[in-house]
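The values are calculated or read from the model by the stated rules, or taken from the named source; none is laboratory data. Just so you know, these numbers come straight off a predicted model, no measurement behind them. Positions of Cβ are generated from backbone atoms using ideal geometry, with glycine treated the same way; all protein chains shown enter the neighbour counts. Only protein heavy atoms, including side chains, enter the accessible area calculation; ligands, DNA and RNA are left aside. Shrake-Rupley method; radii C 1.70, N 1.55, O 1.52, S 1.80 Å.
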Amino acid sequence: MQQIKEELREESLVAAFPDKEAAVSAATALDAAGIPPDHVGVVAENVRQAREAAGSFSAAGAIGGAVLGALIAVIFIVAGGDTMRQNLVAIVLGAPVLIVAFAAIGALVGRARLFQSDEYARFENAVDRGEALVTVSGRPELLAKARRILEEHGALRFRREATGEAI
């Protein structure tokens, strides 16, 4: 069972390039080598998008926000007394709205730089300096092939991420 999980596990490889042209050239080489385009992403001149190379906590934030929204709904129902508990329409309409609203807020908060390690700020800083990033997602054997190609095309440095997402 553990071996199956390892085989299905996808990661991301992030490579920094000196400029956008070098990154696009490397991405073109990955495509020519048979790496599916939906597994490759290029980030240049977009500092906010660079943060996503490290993944985000959007899903965890959404779940936390939904739980908080549900707790607030329960507090309103309990604190509202008999009048609130007897108004079924208000409960049925209000509680889901609170849950969805707080889930959306949680998803946005999960994308914030606040919840990412300082190491992830390196991606933003690199793009801010004019560098470009190429991300490749997939299983380890695909990433090994991609790394060789990226090295041949002048990648400055690499980082592996457990996100399994290309930007």
Practice task
Enumerate the pairs (first residue in the range 69-93 and more than 24 Å from residue 107 (Cα to Cα); second residue anywhere and open to solvent by 80 Å² or more (accessible area, probe 1.4 Å) and not basic (Lys, Arg)) with beta-carbon separation below 7 Å, excluding pairs fewer than 6 apart on the same chain, so at least 6 apart or on different chains.
Solution key: 84/76
Exercise for the section: With the checklist (1) surrounded by fewer than 16 Cβ atoms within 10 Å (Cβ to Cβ); (2) among the polar types (S, T, N, Q); (3) at pLDDT below 90 in hand, flag the one item residue 25 doesn't pass. Expected result: (3)
Problem - Residue in the range 114-127 that is over 30 Å from residue 28 (Cβ atoms) and either among the hydrophobic types (A, V, I, L, M, F, W, C) or modelled with pLDDT of 75 or more (or both) present - result: yes
Practice task
Mind counting the residues in the range 32-54 that are modelled with pLDDT under 80, small (Gly, Ala, Ser) and surrounded by fewer than 18 Cβ atoms within 10 Å (Cβ to Cβ)?
Solution key: 0
